Amino acid sequence: MTSNRPTPAPHHPHTVPATGGGSATPHAAPATSGVPSPSTLPSTLPSTLPPPSTLSPYPFPSPGSLEATDAMPAQLPAQLPAQLPEQPATRMPLQTSEQASIPPPTPSPSSTPFTPEPCLTLTSPTDVLAAVPYLVGFHPSASLIVVGLARGQAKMVARWGLPFPPGTLDAMSPLFGREGITEIVIIGYGAGDLVTPAVDEARRLAAKDGVRVGEALRAHEGRYWSYVCDLATCCPAEGTPYDLSSSQIAAEATVRGLVALPNREALERTLAPVTGPVRMAMRRATAAAIADFQARITAATDLTAFTGQFVSEALTRVHSALETHSDGGRLNDAEAARLGLDLTVMRVRDEAWTLMDDSHALLWKDLTRRLEPRFIPPVASLLAMAAWRSGNSVQATIALERALTADPAYSMANLLMHALQNLLSPTILQGRLPTPAELDKTMGSPCASWLLPLINLLDEEDPLPALE
């Protein structure tokens, strides 16, 4: 078997940079988030409502203000492309054996959210290959992994599915500058004709930006090849066999509580919709919540006053749900269904966003799995936000895929996906999210149009749940 590699550069076979989790320093531009226009209103409601308000307090780049890759249009499709970059699902810092005696640099809020801790030492290509699954959360296949380092400490880990079109990696150029990346490690998984073009693109980009390629590996069917070494004594043309179980990295990562699932599909299943009796119970609870809302709005004589009351009650339910989960509890079906309706109202969803804490991921994950499909976009987007904040960008990406499958035009999901695609860091939001009082000032007093997103969903039907 041949390596399908380009002309190699001089390389010392025993110098292997180590990897670790990290993220990029962001830059920002204003963005807007609007309320969808009405579709068919219940016959008992007035035929016209005031125009929906627009809220734009969030410091995300608008789709046209950043370097968009060829693979990710500004308006994302329902089925996201395979070449979406994913940042790490872990916070494990690593360093090289040559750096082992040097303490890890103290991170700053503008560079990386990680805290200093003992580093794992990688001494061989096998160690690098053993570490990667724990850095991305699963054992990759048909993938390109790029690890960016500064001062021997990893600052970012990104993954793309293969193949991808030329230009896909362009988002890394501004990242190199923002994070002070001076060296990268490239790992491709798959056959040579699949991996080599992607590795070549990563190497060209690094050369253009003056970033050293410390190592570039291709792994396939238990063997690896180096693109930067042509010494037959250490990098034979038929590849070098490797055994991940021979590395101590997996054991050390496991001791630290890190998990590497068999593949990305296994990660996706952790956010899959519930099925069987649990789904049937949630379907009944959702029907009851919808019927209650319809009865109340039909009986209302003042839609503006009704909206104010509904939003006030919904905000109370959001705070109560967060408190319940913080105390180790779980919402019952009726509570979950009501909150699903509540969060379709932008003012309610945005309060949950402004209150965001990493610990809230458990609530949003639970609701992402339990709610009926039409109510998924808000909770899946909130889950993505919580996961992204905690450094788990793979889970964030999967959550956004759930949101955009249900509603490809959902603005919050599109903005978050654009941020992930451009390898931005969640530090972009530090000190920039509005308070609830600022939301009130921005959006103004409640008006009936706030309820349009919910009203538009009332006549939709969800697919029949599985009975397995």
Under 15 Å from Lys441, Cα to Cα: aspartates and glutamates that are on another chain or at least 8 residues apart
Asp350, Glu351
Label-point separation, Asp243 to Gln309 (7 Å along Cα→Cβ), nm:
7.2
I need the calculated FRET efficiency for the pair Asp200 and Thr435, taking r as the beta carbon distance and R₀ as 51 Å, to the nearest 0.05.
0.55
Among 360-369, 161-170, the order from most to least packed when residues are scored by Cβ within 10 Å on average
360-369, 161-170
Taking all protein chains as present, what is the carbon and sulfur share of the accessible area of the stretch 278-416, in % to the nearest whole number, probe 1.4 Å?
51
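In terms of solvent-accessible area of protein heavy atoms at a 1.4 angstrom probe, what is the ranking of Met385, Met280, highest value first?
Sorted descending by solvent-accessible area, the residues read Met280, Met385.
Multiplying the sequence separation of Arg223 and Asp170 by 0.36 nm and subtracting their Cα-Cα distance, what value in nm do you get?
Extra length available between Arg223 and Asp170 comes to 16.2 nm.
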In Å², nearest 10: area of Ser312 left accessible to a 1.4 Å probe:
70
With 0.36 nm assigned to each residue of separation and the Cα-Cα distance removed, Ala266 to Ser445 gains 60.0 nm
Under 24 Å from the Cα of Lys208, which lysines turn up, not counting those fewer than eight places away in the same chain?
Lys155
Taking the Cβ of Glu313 as the center, what net charge do the other residues with Cβ under 12 Å away carry, scoring Lys and Arg +1 and Asp and Glu -1?
+1
Quick tally, 1.4 Å probe accessible area for Arg212, Arg338, sorted with the most first, runs Arg212, Arg338
Work through the residues other than Arg389 whose Cβ is under 10 Å from its Cβ and net out their charges, Lys, Arg +1 and Asp, Glu -1.
-2
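The values are calculated or read from the model by the stated rules, or taken from the named source; none is laboratory data. Note that this is a predicted model, so its numbers are computed, not measured. All Cβ positions, glycine included, derive from the backbone under ideal geometry; neighbour counts span all protein chains shown. Areas reflect the complete protein model, heavy atoms only, side chains present, ligands, DNA and RNA absent. Shrake-Rupley method; radii C 1.70, N 1.55, O 1.52, S 1.80 Å.
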